[in-house]
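Enquirer: Below you will find the structure I want to go over with you.
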Amino acid sequence: MADLSLRQLDKKYGSFHAVKGLDLHVEDGEFVALVGPSGCGKSTTLRMIAGLEEISSGDILIGDRVVNDLAPRQRNISMVFQSYALYPHMTVRENMGFTLKIAGRPEAEIETAVADAARALEIEPLLDRRPAQLSGGQRQRVAMGRAIVRNPDVFLFDEPLSNLDAKLRGQMRTEIKRLHARLGSTVVYVTHDQIEAMTLADRIVIMRDGLIEQAGSPDEVFNRPATRFVAGFIGSPPMNMAEGVIQDGLIRFGDGETLPLPAQFRDAVTAGQRVTLGLRPDDIYPVGHGLHAGEAVETRPLEVALTEPLGNETLLFVRFGGVEWTSRMLNPRDLRRGETVDFQIDLSRVHLFDGESGRSLRTA
Amino acid sequence: MKPWRLPPHLLLLLPAVLILAAIVVIPLGLSLWSSFTPFRLTRPDTMYDFIGLRNYARLLGDAQFWSAFGRTVLLLTVALNLEMVLGLGLALLIERASRGQRILRTIMMFPMMFSPVLVGFQFKFMFNDNVGLVNNALQSLGLTDRAIPWLIDQNLAFISIMVAEIWSSTAVFAIFILAGLMAMPRDPLEAARVDGCTPWQTFRYVTWPFLMPFAFIAMTIRSLDVARAYDIIKIMTDGGPARRTEVLWTLISRTAYSDARMGMANAMAYIAILLSIAFTLIFFRQLSKARSQIAAEW
């Protein structure tokens, strides 16, 4: 095990600047998830750590060792690929033991290491099969087994669950979490699925256009998003966003509708400033169906445009401030399309972002 | 009384059956029959003299036949292996080319576009001991002052023929292996690098097992090709001098047409075909083994 540092990591493909001076430190044993939309540079970053992609400038350190110019095999890392990348002509046993065989370890040691990993992943009955005879979930386990056997300094995961169906994905997510708890290894996990990142990671790094937008614990990035982008990316259903202007202690939206400026932002804005207001679906709800007991609550009668019942909750879609808002109704009651209901908006949980830079206006 | 009629499905099959019989079954049967007779083209009535296995028995003790047979097997093994190695090298190089790959592929296939007879003439000229390019070049470079008898010395002539054969057909291997390389999934290669493989180990343990079926397809095709090698050799040495480069089919055609001993020639031909079948079987076995190894879905 070791810690991992990226210092001013840079990657250019010709004129395309894929990763722009990334700084990141991953503690020994920490589980860090890199998330972002496709093309944000997260996979490139991972591949640079693995040594599969050359770095244009900057440094990568594993432990105290600068590994910039080392071949992948000299870095003592393991990687789980999106496509699993198993060797089709080898059995599961050979796949898992391959790295040790190449390293020239004795047969007995390989046998034990493979058996241990197979037991941990519950794939012992599969050891003599070939990858083509396995289901997607089983291949996934074998790919993880292959990574474990090596006992690497750092585990790298490149969207390992995106080829699985939803149910299996949930199952494997738990599996990975359990494995990490048991091995206590350093992990860098790339995904575009923010739920995976939230559930698995100690720390989430949200990337966009080759830059880090925010790095923080799941709680931080969810409750205190640093930018409008992070706010929109993390959370499902996504945060409601509406453009407005600060005027006379109010936020005035495009359609003339207003909301009072929440107390926590009173000193952070100036009159006439353009802002984006963000509000999670949990923080706008029909009276009596909310998650929190709101502290500073505004009540508005709004017309329900659409409902999506999910059983334990119902998503309601309403128009307010010129845009459509999603509202989460807990303990749902029967609501019809077109009905007008009193909705509560929890101002204490409002996020406000600068209209130009998109940065959060929260001061404390 | 109702006239008897052929059932319609047989009636519909009849034209195909007749054509096949005329162009395949009857000639095949006739040639097999003639291999059991002392049939000579000059004496058609010998066609009806059944002598049983005497032709075959005589062939068993015929040193000339077996030396041609052995030379054919040698040509098969050496040429196929060299072609595979060279084709593999070519394919790996071309796959590496980041631009101009199409052009390179086309250029690589040029030798296949020439008739083997022309290839024979071309190499006959190049290896000519007096006016040939090879000796000319060797002498100009000061490597030798002798006129090396490329097409006359037994071993040199065999090598010259092999060079011509390899030049004209290495592309077959290159094309199949290149197709394999292009169809190959990239991820296992990267996994191998992470798993600790050197480039050579990656090739040995990951790339090559994947390419093997493609190489075996080329092997199968080329083994049939080389086993019936005739035209290049006919032109370059005509099996000579003094039968030093005789292979099965030059011997067979000489026996059949120059000596007019068609019965004997047919007996030889059937043995030659057994050889081809044996090689094809071997390669097909290997192919299906290699295919199931990489779990190919074709």
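Enquirer: I'd like the full set of residues that are closer than 13 Å to A:S360 by Cα and either modelled with pLDDT under 85 or part of a loop (DSSP other than H, G, I, E, B) (or both), limited to region A:264-299.
Expert: Within region A:264-299, A:A268, A:V269 qualify.
Enquirer: Which residue pairs have Cβ atoms under 6 Å apart, sit 6 or more places apart or on different chains, and have a first residue in region B:168-191 that is within 10 Å of chain A (Cβ to nearest Cβ) and within 16 Å of B:R105 (Cβ to Cβ) and a second that is modelled with pLDDT of 90 or more and in a helix (DSSP H, G or I)?
Expert: Hits for this filter: zero, empty list.
Enquirer: Would you mention how many residues in region A:27-50 are crowded, with 16+ Cβ neighbours inside 10 Å, farther than 11 Å from A:L156 by Cβ and not basic (K, R)? Explain how you work it out, then say what you get.
Expert: So in region A:27-50, the residues crowded, with 16+ Cβ neighbours inside 10 Å come out as A:30-36, A:40-50.
Among the residues that remain, those that are also farther than 11 Å from A:L156 by Cβ are: A:30-31, A:33, A:35-36, A:40-42, A:44.
Then drop every residue that is not not basic (K, R), which leaves A:30-31, A:33, A:35-36, A:40-41, A:44.
Residues in region A:27-50 being crowded, with 16+ Cβ neighbours inside 10 Å, farther than 11 Å from A:L156 by Cβ and not basic (K, R): 8 in total.
Enquirer: Take the residues in region A:113-123 that are assigned to a helix (DSSP H, G or I) and surrounded by 13 or more Cβ atoms within 10 Å (Cβ to Cβ), then tell me which one is nearest to the chain's Cα centre (by Cα). First the steps, then the outcome.
Expert: Taking region A:113-123 and keeping what is assigned to a helix (DSSP H, G or I), we get A:113-121.
Still in the running and surrounded by 13 or more Cβ atoms within 10 Å (Cβ to Cβ): A:113-118, A:120-121.
Details: A:A113: 31, A:V114: 31, A:A115: 32, A:D116: 30, A:A117: 27, A:A118: 28, A:A120: 26, A:L121: 24 Å.
In this case the residue turns out to be A:L121.
Enquirer: A follow-up question, please. Just to be sure, is B:L274 out of contact with any helix residue (DSSP H, G or I) (no Cβ under 9 Å at 6 or more places or on another chain), in a helix (DSSP H, G or I), more than 14 Å from chain A (Cβ to nearest Cβ) and under 30 Å from B:F50 (Cβ atoms)?
Expert: Working: out of contact with any helix residue (DSSP H, G or I) (no Cβ under 9 Å at 6 or more places or on another chain): yes; in a helix (DSSP H, G or I): yes; more than 14 Å from chain A (Cβ to nearest Cβ): yes; under 30 Å from B:F50 (Cβ atoms): yes.
So B:L274 fits the description; yes.
Enquirer: Could you check region A:53-78 and list, in sequence order, the residues that are in contact (Cβ under 8 Å) with a residue 24 or more places away in the chain, crowded, with 20+ Cβ neighbours inside 10 Å and away from chain B (no Cβ under 12 Å)?
Expert: Across region A:53-78, the qualifying residues are A:I55, A:I60, A:I62.
Enquirer: Any idea which residue in region A:18-60 is farthest from the chain's Cα centre (by Cα), counting only those that are under 18 Å from A:F233 (Cβ atoms) and among the hydroxyl-bearing types (S, T, Y)?
Expert: Ranking the qualifying residues of region A:18-60, first place goes to A:T45.
Enquirer: Given the criterion more than 15 Å from the chain's Cα centre (by Cα), β-branched (V, I, T), surrounded by fewer than 23 Cβ atoms within 10 Å (Cβ to Cβ) and farther than 30 Å from A:A143 by Cα, identify the matching residue among A:I251, A:I246.
Expert: After applying the criteria, what remains is A:I246.
Enquirer: Let me ask something additional. Could you tell me how many of the residues in region A:129-161 are more than 13 Å from chain B (Cβ to nearest Cβ), in contact with a helix residue (DSSP H, G or I) (Cβ under 8 Å, 6 or more places away or on another chain) and assigned to a loop (DSSP other than H, G, I, E, B)? It would help to see each step written out before you state the result.
Expert: Going residue by residue through region A:129-161, those that are more than 13 Å from chain B (Cβ to nearest Cβ) are A:135-138, A:140-141, A:161.
Those still in the list that are in contact with a helix residue (DSSP H, G or I) (Cβ under 8 Å, 6 or more places away or on another chain) too: A:136-138, A:140-141, A:161.
Okay, now just the ones that are also assigned to a loop (DSSP other than H, G, I, E, B), so A:161.
Qualifying residue count for the region: 1.
Enquirer: Let me confirm something: among B:L189, B:L224, which residue is of a type outside the set (K, R) and more than 21 Å from B:A272 (Cβ to Cβ)?
Expert: Values: B:L224 fails: more than 21 Å from B:A272 (Cβ to Cβ).
Only one candidate qualifies: B:L189.
Enquirer: Go through region A:85-116 residue by residue and tally those that are away from chain B (no Cβ under 14 Å) and within 17 Å of A:E175 (Cβ to Cβ).
Expert: Initial filter on region A:85-116 (away from chain B (no Cβ under 14 Å)): A:93, A:106-109, A:111-112, A:115-116.
Narrowing the set further to residues that are within 17 Å of A:E175 (Cβ to Cβ) leaves A:116.
Adding up the residues that qualify gives 1.
Enquirer: Could you count how many residues in region B:139-181 are touching an Asp or Glu at 6+ places or on another chain (Cβ under 7 Å) and under 16 Å from B:L93 (Cβ atoms)?
Expert: Result for region B:139-181: 4.
Enquirer: Ok, one more. For region A:350-364, check the following and say yes or no: at least one residue is among the hydrophobic types (A, V, I, L, M, F, W, C) and without any contact (Cβ under 8 Å) to a residue 60 or more places away in the chain.
Expert: Step one: of region A:350-364, the residues among the hydrophobic types (A, V, I, L, M, F, W, C) are A:350, A:352-353, A:361, A:364.
Next cut, without any contact (Cβ under 8 Å) to a residue 60 or more places away in the chain only: none.
Among the residues of region A:350-364, not one is among the hydrophobic types (A, V, I, L, M, F, W, C) and without any contact (Cβ under 8 Å) to a residue 60 or more places away in the chain, which makes the answer no.
The values are calculated or read from the model by the stated rules, or taken from the named source; none is laboratory data. Keep in mind it's a predicted model, so treat the numbers as computed, not measured. Cβ coordinates were reconstructed from backbone atoms using ideal geometry, including for glycine residues, and neighbour counts include every protein chain displayed.
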